[in-house]
Each structure stands twice: as C-alpha cells, then as structure tokens.
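Here's the structure we're looking at; comments come further down.
Quick note: the coordinates plus some simple rules give every number you see, no bench work behind them. As the structure is a computational prediction, the values presented were derived from the model and not from experiment. Please note: Cβ atoms are built from the backbone with ideal geometry, for glycine as well, and neighbour counts cover all protein chains shown.
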C-alpha cells in the first residue's frame with residue numbers, strides 16, 4: 001500500500017533551481033507551499049531539466065530572506081497574515097542538492113541511470129522523488145540483488161548488488177551501539193543467498209554463528225540457525241559453546257608450532273613488544289626453525305648458554321626479556337598447546353571448498369590478543385593456499401578456488417598505518433580480488449585504518465559516526481564528500497545507514513530492514529530460490 | 001452601493017486618469033473601488049477611485065458655516081435647500097486597464113475616456129474577473145498621486161476582496177505575495193500596505 005504522499009501521477013513539487021554547480025551542488029528555492037520543516041537531509045529528489053531528469057539527494061537545508069530588514073523586525077506569531085504573505089517570497093527555504101545521476105527523459109527511460117555530467121537549467125522544477133524513480137535507479141530484488149532496507153520516508157526496496165559487492169573488500173562502520181552487528185548479519189545472509197562467495201567469519205563476540213542478542217536483550221537467530229546446511233560453526237572454546245548450546249562442527253586448537261614471526265608483528269601493540277623484540281623473532285626463528293622457535297624461547301633459562309646465544313645473535317638482553325614476557329602471554333591462551341593434533345587450516349579449507357560458510361566463535365576468549373593472533377594466523381595460511389591455487393588455475397586447466405570473503409571485527413587493529421604494510425589483511429585489501437579473497441571489515445574507529453586501505457574499500461556501509469576524524473576517513477576520496485558529511489552526521493542512532501560505493505549506483509540513506517522477528521526470518525527465505533518443500537519445512541521449524 | 005450603479009459623469013479626462021461628477025451630492029463611490037467608463041461604445045476603461053471631494057461649484061467661493069442654530073446636521077441641509085445646487089461631489093479615477101476584443105488588459109488604454117461619458121461601478125462579477133490578474137498592482141505602485149500609493153493599493157485590495165466571499169483570505173494572501181515580489185527592495189513599504197489588509201484578511 002503506497003502512502004498517500006507518494007502519488008505516482010502527480011509528483012510533489014518542492015521548488016525551483018536557482019543556483020549551483022556540478023562540483024558544489026545545486027541550490028533550490030522552496031515554494032511557499034513546501035515547508036522547510038518537512039524536508040530532511042538524505043531524502044531523494046528529482047529535478048526536471050529541459051532535456052533530462054536528474055536524481056539527487058538533499059544534503060542541506062537553509063533559510064533565506066530577500067531583505068535583511070525583515071530580520072530586524074521579524075513577523076512573529078502575532079502577525080500571521082504578514083508571515084503567510086512573506087513565506088516563499090520574501091522569506092524562503094533553500095535546499096542544497098547533490099545531483100548524482102541522470103535518468104531518462106521519461107519514467108520508462110530508454111537508457112538506465114547515467115552519472116551526472118552537467119547541471120539542470122535555471123528554474124527547473126524540483127520534485128520529491130517518486131517510488132517509481134527510486135526503483136528505476138536502484139533496481140528491484142532479483143537473484144543478484146539483496147534487499148537491505150528502505151530509503152527515508154518511502155516504501156521502495158533498496159537492493160545491494162551483491163555480485164559487485166564481493167568483487168572488492170568492503171567495510172561496515174559506525175560507533176558502538178549503532179547496529180553494526182545486525183547489519184553484518186544481514187549482509188552475511190545476503191552473501192550466502194545471492195553471491196557465489198563463501199564466508200569465513202572471525203566472530204569475536206559469538207554473534208554470528210548460532211544466535212546473538214539484541215541491545216534490549218532478546219535473542220535473534222544467526223546464520224546457522226537459519227541456514228543449517230550452508231553454515232558450519234567452528235569454535236576455539238568448546239566449553240563455552242556447549243554451555244550456550246551451540247551446535248559446533250569442529251573445535252579449533254592451535255599449537256605453538258603454528259605461530260610464525262609474521263604473526264607476532266601484528267601483536268606488537270597488544271603484547272607491548274618493542275620494535276627490536278619483534279625483529280628478534282625473525283632471528284630466533286632462523287636459528288631454531290619456524291616450528292620450534294617459540295618453544296625454544298620459552299624453554300631458555302637465564303644462564304650463560306642463553307647469554308652467549310643472545311650475544312651471538314646480537315639480541316640485547318632487555319629486548320629478549322620483553323619478547324619473552326610477550327610469549328608468556330601467548331602461552332597462557334588456553335586454546336594453544338605446544339603442538340596441535342590436526343591442522344585447522346586444512347579443515348576450514350575443506351568446508352570452504354564445498355561451499356560451506358565457516359563462522360569461528362571465540363567463546364570466552366574475547367581479548368584482543370587472542371582475536372588478532374588467531375584471525376591473522378588462519379587468514380595468512382588460508383590466503384597462501386588461495387594464492388597457490390589461483391596461480392595454478394591460471395596455468396593449468398584447474399578450477400580456481402571459490403571467492404572468499406573474510407570478516408574481521410576491530411579492523412583498525414589489523415589495518416592501522418603501522419601494520420597495514422606488513423600484515424596479510426593489508427595485502428588482501430590492496431590486492432583486491434587478485435587471488436579471490438576479499439575482506440569485510442567491521443570497525444568503530446575508521447580513522448584508525450590506513451588511508452590507502454580505506455581507499456581500496458569498495459562499498460562502505462556507515463552507521464552514525466560523530467567523531468570528525470572518523471567521518472573524514474570514511475569519506476576519503478568520495479565525490480560529494482562535504483555534502484555527504486552532513487548526511488552522515490545526522491543519521492539516527494539506530495537502524496539508519498549511509499551506503500555508498502560500488503554496490504550502489506549512488507549514495508543512499510537506508511532504514512535497514514528488520515531482523516529478529518518471525519516475519520523478518522520468513523521474508524529472508526521468501527526472496528531466495530529454494531524449492532518450495534524446503535521452504536515449507538524450514539518455516540515450520542522456525543515457528544515451532 | 002448597488003452593483004453596476006451609475007455613479008457619475010466624466011467631466012475631465014486624459015490618458016492616465018479622469019474626473020467625474022456625481023449626480024447627487026455625497027453619492028460617491030468608495031475609495032479604491034473599481035469603476036468603468038468608455039472611450040467609444042465598444043471599449044471599456046477600468047479605473048480605481050483614488051480621490052473624492054465635495055466643494056462649492058464656483059472655484060472662488062468657499063462654503064460658510066450655517067448650522068449654529070440647527071440641532072443636527074441634516075437640519076442644516078433642510079433649512080438651506082440651495083446647498084444642493086451650490087455644492088457638488090466629484091471623484092477622480094486612476095485608469096488601470098481596459099477591455100478590448102474580449103480580453104482585459106492591465107495597462108494604459110489607447111484613448112482616454114469621453115467627456116460626459118457615464119461612469120459605472122463595476123459589478124461583483126466584473127471585479128472578480130478583473131482581479132484574476134494582479135498585474136495592475138505594479139501599475140498602482142508606480143503611480144504618483146497625492147494620496148500615496150500604499151493607501152490606494154490597500155484600499156483597492158480591500159474593495160476587491162469584498163467580492164470574494166469565503167475566498168477573500170486566499171485572494172489577499174496571493175495579492176500580498178505579488179506585492180512582496182514587487183517590493184522586494186522596500187520592505188517597509190510592503191509592511192505598510194499589508195498592515196492595511198490585516199484586518200480584512202482575518203479568515
């Protein structure tokens with residue numbers, strides 16, 4: 001049912017174009033009949049030029065007067081007639097519009113939306129965008145497009161082109177409590193349903209595997225509950241998973257012999273290691289071998305033999321002490337043992353190859369050291385495998401591995417300028433999809449992420465951010481940056497996001513679709529092409 | 001006054017305005033009312049009353065006070081019937097448009113009104129039709145008269161508003177907006193005029 005405002009036949013007129021440029025946006029003078037208070041930053045409008053129709057977003061609203069003397073003796077509530085006469089003529093509202101696309105000269109346009117290259121002529125009429133216009137620009141739901149939410153004050157479905165989405169690394173940003181977790185869940189489901197990529201999720205707070213919690217405390221289903229035959233849950237903490245009654249497919253155990261010097265680099269900050277201590281790891285690994293160096297270090301006692309060795313390797317005693325303290329911290333992690341029985345990497349890869357998505361829960365081990373260590377370690381090895389296989393596929397008649405999306409939280413710990421060059425995540429982000437691996441980064445401090453990496457992120461989905469530096473970093477290199485700034489800073493705290501980048505034809509403010517109620521689960525299935533019998537059974541199971 | 005009533009006869013005329021004498025003393029059309037006259041039998045001239053005056057017939061002789069012993073004003077006239085012959089009422093009209101070939105134009109006519117032509121008050125329908133376009137406002141504002149354009153404009157709009165009934169408020173608001181556009185450089189003048197319309201605009 002369309003709301004009465006959105007009448008497809010007569011577009012609701014707002015005003016006329018009075019000024020503007022392509023780089024700075026268009027100024028629109030509001031008609032007297034359109035109240036400034038009805039306007040909202042982030043809404044869509046269409047501009048009817050002489051030859052084209054433009055599609056744009058409201059990025060600012062302001063007031064103006066023809067004569068400054070009006071401000072000296074303003075007409076207030078005691079003079080309604082004066083105020084009514086002046087409104088729209090001597091006193092008026094202006095909108096600042098960022099035009100983004102041109103759509104055909106009629107609604108059933110011959111060509112699709114094109115990027116805007118010019119401005120509308122003077123006094124072109126500006127109207128509220130109709131649902132038809134929005135659908136024309138964003139397209140409808142189909143096997144590639146995932147319905148993510150609705151624009152402000154409209155019922156049209158905004159759909160993300162997931163095929164485009166997974167071609168690059170992407171990011172979900174927003175300060176804490178703005179709904180990033182819900183959004184991530186939705187996107188993972190979307191990718192599961194609509195794209196050919198498989199997901200590997202490093203789930204720090206146990207939100208994505210089996211079930212999660214909303215802010216108000218009620219439980220919401222997560223990936224495995226909704227798609228049991230497509231998702232496997234791995235866990236680092238068997239006990240915790242069992243207590244939470246999560247059905248896990250495998251337990252991950254790591255050995256010291258799995259940890260290489262490259263894995264320590266990323267842990268420098270969290271373990272409080274000095275630069276020389278990090279360097280020392282390389283030397284020690286060379287001396288003792290990649291697999292044995294940690295055990296050897298931990299076993300080294302404070303005797304002459306050790307001192308001689310250190311002197312030989314040119315490692316200062318204090319440096320070694322520092323390193324040793326760090327390694328002890330690692331040793332204390334309960335999921336580590338001197339050696340692991342089986343290779344978790346092989347296991348994960350087997351699942352990924354068969355098209356299963358893998359969520360790795362961390363159970364109780366929610367501290368940063370554990371998260372960084374494990375995510376980095378596993379990703380590095382999986383990436384190396386992927387690289388080998390992709391290169392092989394180029395040479396021989398072998399199929400390349402399935403596209404993989406790795407989801408990491410607290411991304412600024414992995415991708416800050418200090419370490420971005422040296423870690424696998426920085427490499428993955430920079431190489432785009434060269435070896436079929438991309439990232440989905442989730443972060444509340446995007447200003448902590450290296451600028452170069454940020455510029456490689458294809459699509460950004462941003463919830464409310466209020467830190468100037470964070471806003472700046474998210475909008476790096478985006479056209480129309482100044483205008484989008486004011487839109488971003490004015491998002492509602494919950495359920496509103498700004499999406500821009502490759503997966504959408506133009507920036508869009510979206511009210512995210514609901515997730516957590518029975519209807520929302522049902523609607524997730526309806527849009528997917530499962531055979532009807534399975535749908536029926538699955539729905540019955542959900543509703544009990 | 002009755003709709004379409006004959007209110008006077010033209011005694012002076014030029015392109016921009018004309019003066020008319022009333023047949024009966026004091027039967028003057030209200031300030032700002034829309035009246036019509038002709039320059040020939042086919043064409044109609046429209047104008048607004050911008051001045052009305054009553055004075056002695058002879059230019060040199062001024063009236064003398066006569067009512068010292070009379071109990072009220074009407075008695076003065078009853079006791080002095082010659083007054084009806086010695087005084088006359090006149091009004092002046094600013095021409096603001098004309099009708100030709102079925103279309104109303106709101107600019108100066110090609111020819112002025114005919115002397116001894118009859119002046120009629122426009123009917124409600126004629127006033128409504130004339131005021132469909134507000135171009136005459138610009139004309140009014142540019143005129144140079146003793147009375148002051150703010151006063152005349154406000155009076156004209158008040159008179160016109162009367163024929164609109166329940167739509168009076170809407171009419172006055174749209175006239176006000178036209179004025180706001182024309183007077184964008186002079187807010188004070190705009191305010192003066194709008195103050196004159198305030199009371200009539202109470203919806």
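Values for this structure:
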read-out	value
Computed over region A:81-216: relative contact order in percent, which uses C-alpha pairs under 8 Å that are six or more apart	13 percent
Equivalent ellipsoid semi-axes, region B:1-123, via Cα gyration tensor eigenvalues times 5, rooted, Å	33, 14, 11
Percent antiparallel among DSSP beta bridges (both partners in the protein assembly as shown, rounded to 5)	75 percent
Label-point separation, residue A:398 to residue B:103 (7 Å along Cα→Cβ), nm	8.5 nm
For region A:285-441, the spread of Cα positions along each principal axis, largest first, Å	57, 38, 36
Set of region B:72-102 residues, backbone N closer than 19 Å to the point 7 Å along the Cα-Cβ line of residue B:21	B:81-93
Within chain A, helix-based [θ] at 222 nm, where runs of 4 or more DSSP H residues each add -39,500 (n - 2.57), nearest 500	-10500 deg cm²/dmol
Alpha-carbon centroids, region A:474-516 and region A:138-212: separation in whole Å	14 Å
10 °C / 1.306 mPa s Stokes-Einstein diffusion coefficient of chain A, Kirkwood radius on C-alpha pairs, µm²/s	61 µm²/s
Crossing angle, helix A:368-395 versus chain A [Cα axis fit, 0-90 degrees, rounded to tens]	90 degrees
FRET efficiency, residue A:65 to residue A:466 (Cβ-Cβ, R0 30 Å, nearest 0.05)	0.45
Quotient of C-alpha Rg and 2.2 N^0.38 Å, computed over region B:131-203	1.01
Computed lengthening from residue B:69 to residue B:118, 0.36 nm per intervening residue step minus Cα-Cα distance	13.7 nm
Computed FRET value (nearest 0.05) for residue A:238 with residue A:514, which takes r as the C-beta separation and R₀ as 45 Å	0.85
Over region A:271-321: Rg over Rh, Cα atoms, Kirkwood Rh	0.92
Residue with peak Gaussian network fluctuation, chain B [Cα springs, cutoff 10 Å], from B:21, B:159, B:129	B:129
Residue-span extension gain [residue B:142 to residue B:111] - 0.36 nm each, minus C-alpha spacing	9.1 nm
Chain B, relative contact order in percent, only Cα pairs under 8 angstrom and at least six apart counted	26 percent
Among B:117, B:148, B:165: highest mean-square fluctuation, GNM of chain B, C-alpha pairs under 10 Å	B:165
Ranked by how many other beta carbons lie within 10 Å on average, peptides A:31-38, A:423-430 from highest	A:423-430, A:31-38
Ascending count of other beta-carbon atoms within 10 Å, so fewest first, for A:362, B:18, A:288	A:288, A:362, B:18
Percent RCO, i.e. relative contact order, over chain A, from Cα pairs under 8 Å lying at least 6 residues apart	17 percent
Computed E for residue A:312/residue A:432 - FRET, C-beta separation, R0 56 angstrom, nearest 0.05	0.80
Within a Gaussian network of chain B (alpha carbon springs, distance under 10 Å), most fluctuating of B:154, B:55, B:124	B:55
Between 0 and 90°, nearest 10: helix B:149-161 axis offset from chain B longest Cα axis	80 degrees
C-alpha center-to-center spacing [region A:255-289, region A:402-472] in angstrom	23 Å
Rough spin-label spacing in nm, given labels placed 7 Å along Cα→Cβ, for residue B:184 and residue A:40	3.2 nm
Rounded Å value of the spacing that divides the Cα centres of region B:151-203 and region B:1-64	25 Å
Neighbour-count order for A:394, B:87, B:45, fewest beta carbons within 10 angstrom listed first	A:394, B:87, B:45
Other protein chain Cβ atoms within 10 Å, averaged over every residue that makes up A:67-79	2
Shielding by partners, peptide B:176-183 (average Cβ within 10 angstrom, other chains)	5
Sequence ranges A:143-152, A:60-69, ranked by mean other-Cβ count within 10 angstrom, highest first	A:143-152, A:60-69
Peptide A:83-91, shielding by other chains (average Cβ, 10 Å cutoff)	6
Angle in degrees between helix A:344-353 and the longest Cα principal axis of chain A, rounded to the nearest 10	40 degrees
Where labels lie 7 Å past Cα in the beta-carbon direction, separation of residue A:76 and residue A:325 in nm	6.6 nm
A:348, B:104, B:57 arranged by Cβ crowding within 10 Å, fewest neighbours leading	B:57, B:104, A:348
Sum of -39500 (n - 2.57) over DSSP H runs of 4+, divided by residues of chain B (222 nm, nearest 500)	-9000 deg cm²/dmol
In range of the label at residue A:118: residues from region A:46-65 whose backbone nitrogen is under 18 Å from the point 7 Å along Cα→Cβ	A:47-56
